[in-house]
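Enquirer: Below you will find the structure I want to go over with you.
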């Protein structure tokens with residue numbers, strides 16, 4: 001077995017964390033904020049290297065509060081001489097008291113639920129200003145992150161190789177998924193695909209865009225949509241293939257070839273500076289010209305979350321930039337008959353596209 005393996009580059013991560021903290025400070029200046037508080041676990045992980053605690057960054061301070069068990073568990077990591085964040089033990093009201101003691105007037109917070117917002121605002125004297133500065137930073141990947149995303153993509157490709165082996169006439173969907181997910185985990189994925197499990201749908205079920213496997217047999221002369229990914233040191237990959245079995249009908253064949261080609265044509269259209277909504281518009285226009293409807297976004301960013309910025313859809317305000325990693329995934333679905341989707345994880349780097357899952 002050719003296992004991807006787990007090789008943590010601690011020095012690279014700590015160096016990246018220092019850069020991320022500095023970028024937050026630049027964003028504070030740009031947004032006229034005194035500080036930023038992160039509580040969402042993926043954002044905390046991005047800023048601190050670990051998925052626990054609360055982190056506050058001001059122009060002069062960077063403080064992480066975690067429970068005492070994590071201070072001990074991650075002591076070697078937190079005590080590294082190049083780690084730029086002060087780590088303190090979390091106790092009730094400690095974050096509130098620190099913010100109020102610094103007399104922070106304008107505190108940036110994540111886009112959180114209304115109930116949580118009210119709870120925080122009752123305890124903080126300054127003004128709370130929801131913002132998405134971390135998500136915007138996360139959209140553009142560092143060299144360190146790109147290395148992890150490459151490995152996540154390699155895991156996904158191994159999983160898809162297994163899919164082509166086990167998706168066969170007479171096999172059950174759930175058995176096929178069990179084989180594929182087991183291979184993905186064997187190859188080093190920290191979780192099943194997308195954490196909640198991969199998608200696999202054969203025959204008429206393939207027209208359901210987000211269908212999970214059922215306890216049904218895969219038929220010949222049909223298509224099966226397989227949507228999977230891997231997770232490596234927190235970073236995800238995403239890819240979809242539509243697998244043909246036997247002799248499919250004329251309409252199925254035409255749509256299959258059209259979508260397979262459309263995905264590659266769309267990747268060619270991507271470049272730094274293009275609006276994500278324009279990319280989606282190209283796909284939607286071509287699918288409508290073919291006589292069908294397009295029911296989902298053309299793609300999405302991939303990183304610590306399987307779906308993150310940039311959003312490549314009709315209402316997106318995002319612009320594609322170099323060092324972004326995102327999917328392109330056109331599809332056509334005819335209810336109760338069949339569906340076809342192809343998807344890859346793409347890296348745009350120096351205005352050149354690299355398909356990480358091909």
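Enquirer: Mind listing whichever residues of region 254-285 are more than 22 Å from the chain's Cα centre (by Cα) and free of Cβ contacts under 8 Å to residues at least 24 places away in the same chain?
Expert: Passing the criteria: 254, 257, 261, 265, 282, 285.
Enquirer: Looking at (1) under 24 Å from residue 190 (Cα atoms); (2) part of a strand (DSSP E or B), which is the one condition that is false for residue 332?
Expert: (1)
Enquirer: Within region 91-101, identify whether any single residue is more than 21 Å from residue 47 (Cα to Cα), in the same structural domain as residue 27 (by TED's automatic domain parsing), outside any loop (DSSP other than H, G, I, E, B) and under 29 Å from the mean Cα position of the chain (by Cα), and answer yes or no.
Expert: The answer is no; no qualifying residue exists.
Enquirer: Given (1) buried (at least 21 other Cβ atoms within 10 Å of the Cβ); (2) closer than 30 Å to residue 349 by Cα, where does residue 140 come up short, assuming only one miss?
Expert: (1)
Enquirer: State all residues of region 214-240 that are part of a strand (DSSP E or B) and touching a strand residue (DSSP E or B) at 6+ places or on another chain (Cβ under 7 Å); if no residue qualifies, say none.
Expert: 217, 222, 223, 224, 225, 226, 227, 228, 239, 240
Enquirer: Looking for whichever is in a loop (DSSP other than H, G, I, E, B) and out of contact with any strand residue (DSSP E or B) (no Cβ under 7 Å at 6 or more places or on another chain) here; the options are 125, 162. Which one fits?
Expert: 125
Enquirer: Regarding region 282-294, can at least one residue be identified that is within 22 Å of residue 163 (Cα to Cα) and in the same structural domain as residue 336 (by TED's automatic domain parsing)?
Expert: No, there is no match, as no residue in region 282-294 is within 22 Å of residue 163 (Cα to Cα) and in the same structural domain as residue 336 (by TED's automatic domain parsing).
Enquirer: Continuing with this model, one more query. Considering region 72-90 alone, what residues qualify as being assigned to a loop (DSSP other than H, G, I, E, B) and free of Cβ contacts under 8 Å to residues at least 24 places away in the same chain?
Expert: 79, 81
Enquirer: A further question on this structure: Go through region 202-223 and count every residue that is within 23 Å of residue 152 (Cα to Cα) and either crowded, with 20+ Cβ neighbours inside 10 Å or not assigned by TED's automatic domain parsing to the domain that holds residue 330 (or both).
Expert: Selection size over region 202-223: 1.
Enquirer: A further question on this structure: Looking at this structure, is residue 33 modelled with pLDDT of 95 or more, part of a loop (DSSP other than H, G, I, E, B) and buried (at least 19 other Cβ atoms within 10 Å of the Cβ)?
Expert: Yes, satisfied.
Enquirer: Here's another thing I want to ask about it. For region 334-346, does any single residue satisfy the condition of being free of Cβ contacts under 8 Å to residues at least 60 places away in the same chain and on the phi < 0 side of the Ramachandran plot?
Expert: No, the conditions are met nowhere in region 334-346.
The values are calculated or read from the model by the stated rules, or taken from the named source; none is laboratory data. Note that the structure is predicted; figures quoted are calculated from it, not measured. A quick note on method: Cβ atoms are made from the backbone with ideal geometry, for glycine too, and the neighbour counts reach across all protein chains shown.
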